[in-house]
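The values are calculated or read from the model by the stated rules, or taken from the named source; none is laboratory data. If you're wondering where the values come from, they're calculated on a predicted model, not measured in any experiment. Keep in mind that these areas ignore ligands, DNA and RNA; they rest on the heavy atoms of the full protein, side chains included. Shrake-Rupley method; radii C 1.70, N 1.55, O 1.52, S 1.80 Å.
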Amino acid sequence: MLKVINEEVCKDPENLNNQFLNAIPFPHLVIDNFLREDLAEKILQDFPALSLMHSSHHYLFNQKYELSFWSQVSDLFSELHQDLLSDQFREFISQISGKQVFMDADYCGELHQGRDGGFLDMHVDFNLHPKNETWIHELTLLIYLNKDWKDDYGGQLLMQHHDNPKVYEVAPVFNRCTIIRSDETTFHGYRRLNLPENITRKSILVNFYREVTPEQIPPRRPTVWATKEVSPLKALLAKIYNPISSFKHRVFGLTTAGDREEARKIKEKLKKDLNIR
């Protein structure tokens, strides 16, 4: 039984599979009221302050803050993590996508937060798990935690297929989940934020993988940025950025590794604050 995810959303996977496969501009699905309403409110309360997260290392192509190992931030985040790992949810999301997918218990994704002026350039995601080359990145699941979100705040999820210039938008409203297919054609990003000082754009990102045989492993592809329409200079920088980034990861390891201790510290701070109250 799911504890945090609203079980009502899991009742008709066949219909959701049809919606997913026939969505435009590429397979995706939008599910509102994804989490139990009362627990969605509590997860928002547990969301780390911007000062406790670090700026994305892809700083040339986005301006947002991140935190990996989010399951360790609070007990409720841990319960959501367990829901997403459960056999029940794995079967549900596999039925939606038509592929046998699963979440990595450890490198599962990140918390994201953006403030005024933040943005995320259009891109396609990496195609292989950071450590296991037989795990292909098949889906990205996003849970938005933005109460009373207004259109003029910006931050809409933008989706564009490689072969179609038209861009489609999804508003990042509170307790909405968006599931998108991840491959070399599924470009996405979000609009520059225009926010009051006390408001940020908050989301939980979770990656789902599909296992293949060694013979089916494609060449590793890092995140690919589509910046030609933004700036010719950015387009040039994008060409040299990925080789440099890949080399840095081979030499120094994953930049998210230090987040495990940071997440633990945030959890301790939350518990301390609750005791003070």
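Across the stretch 8-25, rounded Karplus estimates of 3J(HN,Hα) from the backbone phi angles (6.51 cos²θ - 1.76 cosθ + 1.60, θ = phi - 60°) give 4, 6, 9, 7, 9, x, 5, 5, 5, 4, 5, 4, 4, 5, 9, 5, 10, x Hz, Gly and Pro being marked x. Accessible surface ranking for Lys202, Lys64, Lys147, Lys99, 1.4 angstrom probe, highest first: Lys147, Lys99, Lys202, Lys64.
Pop out the carbon and sulfur fraction of the accessible area of the stretch 99-217 as a percent, whole number, probe 1.4 Å. After summing per-atom areas, the C and S share lands at 46 percent. Using a probe of 1.4 Å, the accessible surface attributed to Arg181 totals some 50 Å² when neighbouring protein chains are kept in position. Accessible area of Thr178 (1.4 Å probe, protein heavy atoms only, ligands and nucleic acids ignored): about 0 Å².
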